[in-house]
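Readers should treat all values here as calculations from the given coordinates under stated rules, not as data from a laboratory. Only a predicted model underlies this, so the values are computations on that prediction, with no experimental measurement involved. Note that each Cβ is placed from the backbone with ideal geometry, even for glycine, and that neighbours are counted across all protein chains shown.
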Amino acid sequence: MAAQPPNPEVYAALATELLEQGDVPGAEAQCRAALAMNPGHVGALSIQGLLLHNTSRFDEAEAVYMRLAALQPQEGLHWMNVGTARRGGGRIDDALSAYARAAALGASSADFYYNVALAHLERNDLESARALLAKALALAPEDTEIRFRYAQCCYDSLRQDEALAALTGWEQYGAPTQALAAEIGHLLLKLGAANEAETALRQATAGAEADLQARLVLVQVLERSNRVDEARGELERLAAEPRAAVLGRELQLTKARMAHRDRQYDLAIRIYREAVDACTDLANRHFSLFPLAKALDSAGRYEEAHSALLEAHASQVEYLRQAAPITALRGAPLMGITEYSCNSGDVALWRDAHAPGPEASPVFIVAFPRSGTTLLELALDAHPRLQSMDEQPFMQNVLEDLASTGARYPLELSQLGTADLDRARSGYWERVGHKLTLRPGQRLVDKNPLNLLRLPAIRRVFPNSHILLAIRHPCDVALSCYMQHFRAPDFALMCRDLTTLATGFRRAFDFWYQQQAMLAANVLELRYERYVADFDAQSRGIIEFLGLPWHDAVLTPGQQALRKGFISTPSYTQVVQPVNDRSVGRWQRYQHHFASALSVLQPYLQRWGYAGLAAGLSGSNSR
């Protein structure tokens, strides 16, 4: 029997096989052979469109998908592919039009939502992209790529808790490529999950051909965890590789960060300036401008640092207009929580015979951010009878639990019964249990500076708790906040200029002292300047206030920081150093920029005895 001549099906099958083997020219030749015999062969056209798209020949791919759409006008998949080809070619509006055609034909797969989301990301519409990626993830929860893209979108739209939740247990959803594991590790690092980030990065850097991006992010994890010698060694090995050139600007920025730590300020400044100059998008320049300002400050070039900060905040405001448009439109926050006060008559009726005693209650560290709370937290965490937990929203959760009972917060908290308060306490400890495990006899140190604004909730739910109020010169606090790259939209907007910052600072403490006058919580005020000047005596006073036996480990917070590894606050490089007063009086280098802010801060300069320093009299000006 004579052999059958080749037919389009045979050529299409061969094309598929060759494409899977990575032989693109061979696959393309087989497609052409099939289409020469049958120009409307759907299988051959589909393979041809795929290989054209994968080789970035987007216009040709679009033409092929348009032919398929004409051949099968009711198949939404073809219009999805038209949209994806257009997106690859940078025609985002045309891509969205094609995706709309696909949706009208019933396209609703995870891949469809994923591809439409990528188009919205191209136009910086983070909210639309996040909603679509959530749909895609619900349909394909085991797709690690979709899970990562959703988490990244949550992070970019300033929803950090959602981003972290999406990546929790990511390993169970299938083994990703090295490149994807590296991206996951990078995002986990930015989310503060350093241990999980290192796990992902070790996976991505395994083997002889380790992913270069993963190796770079591993350097960043090691530096961020204060393992500086390891970070420096890994960076030197990476930079020596011929392939490392593909890492481009990010490698240079990592070198700048290490140079800053090594006090090579001129090198750090040069690299950061190059990064700023290379970034033409105003909304993204602040990512390099904030570290540039810090490097300039460290080099003693204060006016240049201030100019960089002005640019950085303008850039970040533009970024927030895109990432958090509603918050940006609202402008600087009014700290609305400060408008709701307790009523002294209601407070007089507060009863809770079952409230836990001090030893069964958290120790709260409260302050305005950048007041030295990380140093204080680490000193206490070194005590064997204490274990710290920083920057968690659990007292805000408690506040919401109290409000959900129907009692107006904080005006009617006397209406809460024992069962209501027990539920609020149980909810708090359940959330704490997801973060750490207290050993028998240990007390929790809950360090969240802006629990300053939640004193009524603390006093009602944990009436016997000890509270440490950290106070620092208001101008030093304002300058430190102004120099930080805060991601939380409300706080970032409040820090955009010194006068707005000063207003927020004053409003926060006006509220605190107004509530404390009624609530009489068990509070110790701790002055940062005295704390670092006489660390031993001040530390002993704190431990005595907490009713604990003395332990010398409290005097070595730097060692405790190294043991903990990852420190979530911007102070991570400072707290590993011996206790010093280098940050005291730092604001005086920028004193003439404080003219408007000083008048706002005056009541607290007077109250805390800083008025003479604010007038430019005695004060440390050491670096």
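Per-residue Cβ neighbour counts within 10 Å put Asp125, Asp390 in the sequence Asp125, Asp390, beginning with the fewest. Determine the shape class of the stretch 343-590: with a ≥ b ≥ c the square roots of the Cα gyration tensor eigenvalues, call it rounded for a/c under 1.5, and otherwise prolate if a/b is greater than b/c, oblate otherwise. Because a/c hits 1.5 or more and a/b fails to exceed b/c, the stretch 343-590 counts as oblate.
Reported to the nearest whole Å, the Cα centre-to-centre distance from the stretch 451-528 to the stretch 157-211 is 34.
Each label point is 7 Å from the Cα along the Cα-to-Cβ direction; what then is the distance between the points at Asn580 and Glu544, in nm? In this crude spin-label approximation the distance works out to 3.0 nm. Helix 248-261: angle to the longest alpha-carbon principal axis of the chain, degrees 0 to 90, nearest 10? Rounded to the nearest ten degrees, it is 20. Here the contact order of the stretch 343-590, divided by its residue count and restricted to Cα pairs under 8 Å and six or more residues apart, works out to 29 percent.
Which loop trypsin sites (Lys or Arg not before Pro) in the stretch 295-395, with loop taken from DSSP, have no more than 10 other Cβ atoms within 10 angstrom of their Cβ? Here no trypsin sites (Lys or Arg not before Pro) fit, given the DSSP loop and packing criteria.
First measure r as the distance between the Cβ atoms of Lys435 and Met37, then evaluate 1/(1 + (r/R0)^6) with R0 = 56 Å and state the FRET efficiency to the nearest 0.05. So, using R0 = 56 Å, E works out to roughly 0.30. Calculated [222 nm] ellipticity per residue, helices only, for the chain: -18500 deg cm²/dmol; basis is -39500 (n - 2.57) per DSSP H run with n ≥ 4, divided by all residues, nearest 500.
The mean sequence distance of close C-alpha pairs (under 8 Å, at least 6 residues apart), as a share of the length of the chain, puts its relative contact order at 10 percent. FRET efficiency for the Glu17 to Arg270 pair, using the beta carbon distance and R₀ = 60 Å, is estimated at 0.70. Computed from label points 7 Å out along Cα-Cβ, the spacing between Thr418 and Leu555 is 4.7 nm. Listed by chain and number, the aspartates and glutamates placed with their C-alpha closer than 20 angstrom to that of Lys135 are Asp111, Glu122, Asp125, Glu127, Asp143, Glu145, Asp156, Asp161, Glu162; residues fewer than eight positions away on the same chain are left out.
To the nearest Å, what is the center-to-center distance of the stretch 102-125 and the stretch 373-421, using C-alpha atoms only? The two parts, judged by their Cα centres, are 42 Å apart.
Summing +1 for each Lys or Arg and -1 for each Asp or Glu among the other residues whose beta-carbon sits under 11 angstrom from that of Arg273 gives -3.
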